[in-house]
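Encoded as structure tokens, the structure appears first; notes follow it.
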Amino acid sequence: MLTLLKREINNFFNSLIGYIVIAVFLTIISLFLWVFPGQYNILESGYANLEGLFSLGPYVFLFLIPAITMRFFADEKKSGTIEMLLTKPITDLQIIFSKFFAGLVLVLFSLLPTLIYFFTVSHYASYPGVDSGGIWGSYFGLFFLGATFVAIGLFASSLTENQIISFIIALFLCGFAFIGFEMIYSLDLFGRFDLFIRDLGMYSHYMSMGRGVIDTRDVLYFLSIIAVFLLFTKIKLESRKW
């Protein structure tokens, strides 16, 4: 599996896809935090926080991660290399995990440079300084959110050999999982079940982690969603044998 993982990571960085994704993510976030006037601009707000990063980050990931994952299986199917890959002495899960962890590495590499923002704001913040607990909790939340988007995108890529269709499916599923349940909750249609519906979505769990307390229920929620979509991907790959 390590060989496959290295291959996937090399594919990202040898084809400039990885560099482009990281550059786009950092450019968009940096412009909103430091250049564009508005509620997310740190210099204009006068407060030492990174609220803009953790408010905008999920929506940037919402488009970038499906763009990364759309080629995982779709490209292999179109080029015919998927048949050669599946006939090698490796399991379907090893193939899936190698692609999933490769996507996860790219998410991690996208987030690491933003620590510069954190250290900069912490250095120049006046007493009592920044809310470090909330920031670290938000970082964990954004990482788990990115990991979940990767798992969903991986499943979407296994459904088709067309990368554009894969992108659209992943975008829809990630968008609905993140804010769809929150929108249904805001309609106030289901009475006492509204809170339950809200908790089905990622948004409430992401915001919960942003408060600085890593609740095991939130972690288990994200891990469960990841496991479900990786399982769906495995089932889709195994369907070739039916």
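The values are calculated or read from the model by the stated rules, or taken from the named source; none is laboratory data. The structure presented is a predicted model; accordingly, all values stated were derived computationally and were not measured. Using ideal geometry, Cβ is built from the backbone for each residue, glycine included, and neighbour counts are taken over all protein chains shown.
A few remarks follow.
- Residues of segment 1-32 that turn out to be of a type in the set (Phe, Trp, Tyr) and free of Cβ contacts under 8 Å to residues at least 40 places away in the same chain, as a count: 3
- Filtered by the rule that a residue be modelled with pLDDT of 90 or more and more than 19 Å from the chain's Cα centre (by Cα), segment 218-242 gives LYS234, ILE235.
- For segment 133-153, the criterion of a residue being farther than 22 Å from TYR221 by Cα and either part of a helix (DSSP H, G or I) or under 17 Å from the mean Cα position of the chain (by Cα) (or both) is satisfied by no position.
- Among the conditions (1) at pLDDT 90 or above; (2) under 24 Å from PHE97 (Cβ atoms), GLN163 misses just one, which is (1).
- Residues that are at pLDDT below 90, in contact with a helix residue (DSSP H, G or I) (Cβ under 9 Å, 6 or more places away or on another chain) and aliphatic (A, V, I, L, M) number at least 2 in the following helices (runs of 4 or more DSSP H) confined to segment 1-86: 2-14, 17-30, 42-45, 51-69, 81-86.
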